[in-house]
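The values are calculated or read from the model by the stated rules, or taken from the named source; none is laboratory data. Worth saying up front: this structure is predicted, and the values here are computed from it rather than measured. In this analysis, Cβ positions are derived from the backbone assuming ideal geometry, glycine residues included, and neighbour counts consider all displayed protein chains.
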Amino acid sequence: MIRPAGAHGRGPRAVALIVLALAAGAPAHAAAREQPVQGESAIVVDAGSGDVLLADDPDERRPIASTTKLMTALLTLERARTDAVLPASDYVAAPIESQIQLRPGERLSVADLLTALLLESANDAAVALAEGVSGSRAAFVDEMNARARELGLRNTSFANPIGLDDPDNYSSARDLATLTRELLRNERFGDIVDRPRATLTTGARRRVVENRNGLVRRHPFVDGVKTGHTLQAGYVLVGSATARGKRIVSVLLGAPSDAAREAGTLALLRYGIDQYRRVRVLRQRAAAGTAEVKYRDGEQARLVAGARATVTVRRGERVSTRVEAPEELEGPLPAGARVGSITVLYRGRPLETVPLVTAHSIPGAGLPRIVLASLGTPLSVTILLLALAAAGLGASRLARHRRRRVSTRGS
């Protein structure tokens, strides 16, 4: 349920959402809690399909602070080897900036720089990656904007690889969700943003970096993605959570505080997860049809599901199945022999496929049955009568021959 949250005042307003959300993994009948979400804009999407589950001003252009680093990470993952080693630049971060205090020329692996970028939100790591990948910050920013156009991010512009406030550095909740869905296809990215902390082993010294997204530490079902904060952007959080076999991405822009962005993101993620349910479509050995048995007139083989199928679907939506089975089977076949397939369809598209198998063994036909089935009953009867007649004639001739021999001996 979504409904207005009330009048909006000046400054960071309450997103016009009150989300009735269940704790992740709770049964559908559990009591829901009203969760007000404070911020300027928000969106919740299915990470796989991109379905929008909830939105409030999702296309509003806003400063996005360090969630800018999501594009920095995407270009790095697409254009650099993670085991490559890059030198730190001469970028001097201000004391208030997030950083890992890189010294100019200090060499770290791309993997460690990405980890510092995404967990600690280190600005000096962002610059090192930008200059290492593209040769200069300006060239890297040009490539950031080109990649944004390729992804169809119509309300996005980048002015730096860090997220510092700039009139030309902005995005929208919808665009950030699209960018995040693209990143989550990369397993290394997903592994990094799901860590509460990590140790950087390259560079002049070992460093331990903490994930600024506290939800990852406190809620096991939350597995990403990136925080951000500047004076103009307010508090920003792109979230990700996985439960009930479904991954959800949320974006909350312009929250008034760190606590508000975490509480709002948690409510959005729980709301998204609760829009889905697990459905058992097939039980193992569930009846799925029959097939004629070749050469055995009137006999049929029972066909069953070779495995169970449980899928995740939107609440209120249904699934169907498509059985691909032969009309006729020829033995011998053991019980459990795969002879076809059962496909679970959701929105007309295949979601899962399980084998279709024989419920019992199917014996072979034997030569007489094959001949009988191949020639047909009338012809088979005719041939049998001719064979019997030939046999009778042969027996008669043999008997006459024996009588002649006896007669010859007697004379």
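Name every residue in region 323-365 that is in a strand (DSSP E or B) and basic (K, R), in order of residue number.
R338, R349, listed by residue number.
So E317 fits all but one of (1) surrounded by 16 or more Cβ atoms within 10 Å (Cβ to Cβ); (2) without any contact (Cβ under 8 Å) to a residue 60 or more places away in the chain; what number is the exception?
(1)
Could you check how many residues of region 120-143 are in contact with a helix residue (DSSP H, G or I) (Cβ under 7 Å, 6 or more places away or on another chain) and not basic (K, R)?
So the answer is 13.
Tell me the residue from G228, G239, G289, G224 that is assigned to a strand (DSSP E or B), touching a strand residue (DSSP E or B) at 6+ places or on another chain (Cβ under 9 Å) and surrounded by fewer than 24 Cβ atoms within 10 Å (Cβ to Cβ), please.
Every option except G289 fails the conditions.
Can you go through V251, V209 and tell me which one is within 25 Å of the chain's Cα centre (by Cα) and either under 30 Å from E106 (Cα atoms) or in a strand (DSSP E or B) (or both)?
Result: V251 is the single residue among V251, V209 that is within 25 Å of the chain's Cα centre (by Cα) and either under 30 Å from E106 (Cα atoms) or in a strand (DSSP E or B) (or both).
Confirm whether R315 is modelled with pLDDT of 95 or more and in contact with a strand residue (DSSP E or B) (Cβ under 7 Å, 6 or more places away or on another chain).
Answer is no for this residue.
Go through the residues of region 221-243 one by one and say whether even a single one is without any contact (Cβ under 8 Å) to a residue 24 or more places away in the chain and among the hydroxyl-bearing types (S, T, Y).
Checked against the condition, which is being without any contact (Cβ under 8 Å) to a residue 24 or more places away in the chain and among the hydroxyl-bearing types (S, T, Y), region 221-243 yields at least one hit.
I'd like to check something: does region 172-179 contain any residue that is over 20 Å from the mean Cα position of the chain (by Cα) and either surrounded by 22 or more Cβ atoms within 10 Å (Cβ to Cβ) or within 22 Å of N123 (Cβ to Cβ) (or both)?
yes
Checking N160 against (1) part of a loop (DSSP other than H, G, I, E, B); (2) within 27 Å of G214 (Cβ to Cβ); (3) touching a strand residue (DSSP E or B) at 6+ places or on another chain (Cβ under 9 Å): exactly one of these is not met. Which one?
With respect to (1) part of a loop (DSSP other than H, G, I, E, B); (2) within 27 Å of G214 (Cβ to Cβ); (3) touching a strand residue (DSSP E or B) at 6+ places or on another chain (Cβ under 9 Å), N160 is out only on (3).
Go through (1) part of a loop (DSSP other than H, G, I, E, B); (2) in contact (Cβ under 8 Å) with a residue 40 or more places away in the chain; (3) aliphatic (A, V, I, L, M) and name the single condition L153 misses.
Going through the list (1) part of a loop (DSSP other than H, G, I, E, B); (2) in contact (Cβ under 8 Å) with a residue 40 or more places away in the chain; (3) aliphatic (A, V, I, L, M), L153 breaks only (2).
Tell me, yes or no, whether region 137-160 has at least one residue that is closer than 20 Å to T199 by Cβ and crowded, with 21+ Cβ neighbours inside 10 Å.
No: region 137-160 contains no residue that is closer than 20 Å to T199 by Cβ and crowded, with 21+ Cβ neighbours inside 10 Å.
Which one is nearest to L70 (Cα to Cα), of the residues in region 94-133 that are in a loop (DSSP other than H, G, I, E, B) and among the aliphatic types (A, V, I, L, M)?
Within region 94-133, the match that is nearest to L70 (Cα to Cα) is A122.
Across region 32-57, what is the total count of residues that are assigned to a loop (DSSP other than H, G, I, E, B) and farther than 11 Å from L252 by Cβ?
Selection size over region 32-57: 7.
Only one of these conditions is not met by L269: (1) assigned to a strand (DSSP E or B); (2) farther than 29 Å from Q101 by Cα; (3) in contact (Cβ under 8 Å) with a residue 40 or more places away in the chain. Which number is it?
So L269 meets the others, but not (1).
Scan region 53-100 residue by residue and report those that are closer than 15 Å to L179 by Cα and polar (S, T, N, Q).
S66, T67, T68, T72, T76
Out of (1) farther than 16 Å from G340 by Cβ; (2) surrounded by 15 or more Cβ atoms within 10 Å (Cβ to Cβ); (3) hydrophobic (A, V, I, L, M, F, W, C); (4) modelled with pLDDT of 95 or more, the odd one out for A259 is which?
Only one criterion in (1) farther than 16 Å from G340 by Cβ; (2) surrounded by 15 or more Cβ atoms within 10 Å (Cβ to Cβ); (3) hydrophobic (A, V, I, L, M, F, W, C); (4) modelled with pLDDT of 95 or more is unmet by A259, namely (2).
Based on this model, can you work out whether L70 counts as modelled with pLDDT of 90 or more, in contact with a Lys or Arg (Cβ under 6 Å, 6 or more places away or on another chain), under 26 Å from N169 (Cβ atoms) and crowded, with 21+ Cβ neighbours inside 10 Å?
Yes.
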